[in-house]
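Presented below is the structure to which this report refers.
The values are calculated or read from the model by the stated rules, or taken from the named source; none is laboratory data. Worth saying up front: this structure is predicted, and the values here are computed from it rather than measured. Virtual Cβ from ideal backbone geometry, glycine too; neighbours counted across all protein chains shown.
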Amino acid sequence: MRSERAPGSAFDVELVRADFPILQQRVHGKPLVYLDNAATSQKPWDVIEAIVRYYEGTNSNVHRGVHYLSERATEEYEGARRKVQEFLNAESASEIIFVRGTTEGINLVAQTYGRTNVKAGDEVLITEMEHHSNIVPWQMLCNERGAKLRVAPVNDDGELLLDQFGEMIGPKTKLAAVTHVSNALGSINPLKKMVEIAHSHGVPVLVDGAQAVPHMKVDVRDLDCDFYTFSGHKVFGPTGIGALYGKMALLEAMPPYQAGGDMIASVAFEKTTYNKPPYRFEAGTPDIAGVIGLGAALDYVTDIGLENISAYEDEVLAYGTKALTSIPGVRLIGTAKEKAGVLSFTIENIHPHDIGTILDQEGIAIRTGHHCAQPVMQRFGIPATARASLALYNTKEEIDALARAVEKTKEIFS
C-alpha cells in the first residue's frame, strides 16, 4: 500500500521509496540500487493497484458499449486523457493522442504532418544530441521525399549551440524536431528560445519529452511548441503507453496514421469519413489498462509536486557529479550547466560493459552502451558510456554506493 503523506508536506525520500515495492529487494545479496531510470522507471503502488483494479472490476472495451462496464472503462480512459491534458497544460483534452510511447508519437507526426508538408528540396532540422527515435523517422521521411536532414551541433559540454541552431533554419525548413532533455547527456535544451526562433521563421517544433516529464514541470502552452510527446514508462507508469500533444489546428489538418475501428466517423465501400482528433489517430482497441495506469502515475507525481521532485533531484545530481568527478580516471560525459537526472561517465582503460557488470555484482543497476544515441558517442569520440540515471526515489547513500563500486572497479582492473 502507498505510504501516508500529508498533502503539501515536504519531500521525504524514504516515504517515496516505500511507495515502490521493487526497491525493497536485494540483488546478488546486496540492496538494490536502481540507477537505470532513463531506460525505464519503477512503478509505485498507486499505478500497480490502478491496473489491478481495472482488470478485477472494470475490464471492458471503451467507446463502443452502452453497458455498465464499458461506460465505466470509457469514463476512466477519457479521465486519464484529461489528466494528461492537465499535466501538460494543454488547452483541450482533444489535443492529447494516446500512443505506445515517444517513439510512436514521433513516427505519427513524421507519417502524417511530415508526409503532408515535407517535399523534395525541403529540410528537417534536428540536433546532435537526439535519441535514435528522433533521428531515424526523419531520415526515412527525408529519403522518401528527397528532402534533407540537417543537424544542429552541440559544444564540448553537451550544450546546444543556439546561434547555429537559429542560423540553420531557413525558408526550406519545414519542421524542427528536438529533444527537451538528452537521454545520453542529461542536457536540458533552452526549449522556449528554440521554439521562439523556429516560430519567427514560421517553422513548427516537435519536442521529444521522454526524459523531461519525470524531472520537471512541462507547460506546452508556455513553451508554445506544436507537438510534445512522452512515454508513460519513463514517468513511473506502464510500458507500452504514452501520449502525443498537438495543437488542434495542426491535428485537424493531418491525415490518419493507421486505419481501423474508432478512427472513423462513417464507413461505406464507396467512401470513409474520418473521425475528429484525437480519435482519428487512435485506431483499434487501445491499451486501456495502460492508459489508466498512466493516469495514476501522473496523479502520483502531481501529488508530490514536480517542483519538489526537481529540487530534490538537482541536489542528488550535484552530489553525484562531485562524487564521480573526484575519482581519478573518471570522465563525465555531458557537463552542461542545465542538466536533469543523468550521470554518463567513462573510466580510463575500462570498457563501460565491464563497469556495468561489476556494478551489477554490487547490486547497482546502470545502463552501458550508446543509449540509442550513437551520434552523441561519435561527437565525444567514445564508443559507449556507463550511465547512472536518477529518479525521485534515489538517495545520496545510493550515490555513495555507486562511487564505492566505481573505486572497486578501478582496483579490479589496476
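Worth a mention:
- In the range 196-231, the residues that are surrounded by 22 or more Cβ atoms within 10 Å (Cβ to Cβ) and either aromatic (Phe, Trp, Tyr) or outside any loop (DSSP other than H, G, I, E, B) (or both): Ala198, Val205, Leu206, Val207, Asp208, Val220, Phe227, Tyr228, Thr229, Phe230, Ser231
- Those residues of the range 376-401 which are free of Cβ contacts under 8 Å to residues at least 12 places away in the same chain and surrounded by 18 or more Cβ atoms within 10 Å (Cβ to Cβ), in sequence order: none
- Sole residue being surrounded by 19 or more Cβ atoms within 10 Å (Cβ to Cβ), of a type in the set (A, V, I, L, M, F, W, C) and out of contact with any helix residue (DSSP H, G or I) (no Cβ under 6 Å at 6 or more places or on another chain), chosen from Val154, Val118, Val66, Val124: Val154
- Selection from the range 156-190 of residues that are of a type outside the set (S, T, N, Q) and under 13 Å from the mean Cα position of the chain (by Cα): Val178, His180, Val181, Ala184, Gly186, Ile188
- Tally, over the range 257-273, of residues that are closer than 16 Å to Tyr113 by Cα and either of a type in the set (Phe, Trp, Tyr) or not assigned by TED's automatic domain parsing to the domain that holds Val62 (or both): 1
- Total residues in the range 25-49, condition basic (Lys, Arg) and either in contact with a Cys (Cβ under 7 Å, 6 or more places away or on another chain) or over 22 Å from Ile358 (Cβ atoms) (or both): 1
- Where a residue in the range 282-293 is assigned by TED's automatic domain parsing to the domain that holds Arg81 and its partner, wherever it lies, is among the charged types (D, E, K, R), with Cβ under 7 Å and at least six apart: Glu282/Asp262; Ala283/Asp262; Gly284/Asp262; Ile292/Glu76
- Cross-chain or 6+ apart pairs with Cβ under 8 Å, the range 142-156 first and touching a residue at least 12 places away in the same chain (Cβ under 8 Å), then aromatic (Phe, Trp, Tyr) and in a helix (DSSP H, G or I): Leu149/Trp138; Ala152/Phe165
- Test: residue in the range 150-161 that is small (Gly, Ala, Ser), farther than 19 Å from Gly105 by Cβ, in contact with a Phe, Trp or Tyr (Cβ under 6 Å, 6 or more places away or on another chain) and at pLDDT 95 or above: yes
- Within the range 348-375, being farther than 30 Å from Arg150 by Cα, among the small types (Gly, Ala, Ser) and without any contact (Cβ under 8 Å) to a residue 60 or more places away in the chain holds for one residue alone: Gly356.
- Scanning the range 127-151 for residues that are small (Gly, Ala, Ser) and over 30 Å from Arg331 (Cα atoms), we see that the one that is surrounded by the fewest Cβ atoms within 10 Å (Cβ to Cβ) is Gly146.
- Condition check for Glu76: in contact (Cβ under 8 Å) with a residue 40 or more places away in the chain, surrounded by fewer than 14 Cβ atoms within 10 Å (Cβ to Cβ) and assigned by TED's automatic domain parsing to the domain that holds Ala177: no
- Within the range 329-341, the set of residues being free of Cβ contacts under 8 Å to residues at least 60 places away in the same chain and either outside any strand (DSSP E or B) or closer than 20 Å to Asn189 by Cβ (or both) comprises Leu332 only.
- Cβ pairs under 6 Å, 6+ apart, first in the range 24-38 and without any contact (Cβ under 8 Å) to a residue 24 or more places away in the chain, second in a strand (DSSP E or B) and hydrophobic (A, V, I, L, M, F, W, C): none
- Tally, over the range 81-108, of residues that are hydroxyl-bearing (Ser, Thr, Tyr) and either buried (at least 24 other Cβ atoms within 10 Å of the Cβ) or not assigned by TED's automatic domain parsing to the domain that holds Asp208 (or both): 1
- Residue in the range 342-365 that is among the aliphatic types (A, V, I, L, M), assigned to a loop (DSSP other than H, G, I, E, B) and not assigned by TED's automatic domain parsing to the domain that holds Asn183 present: no
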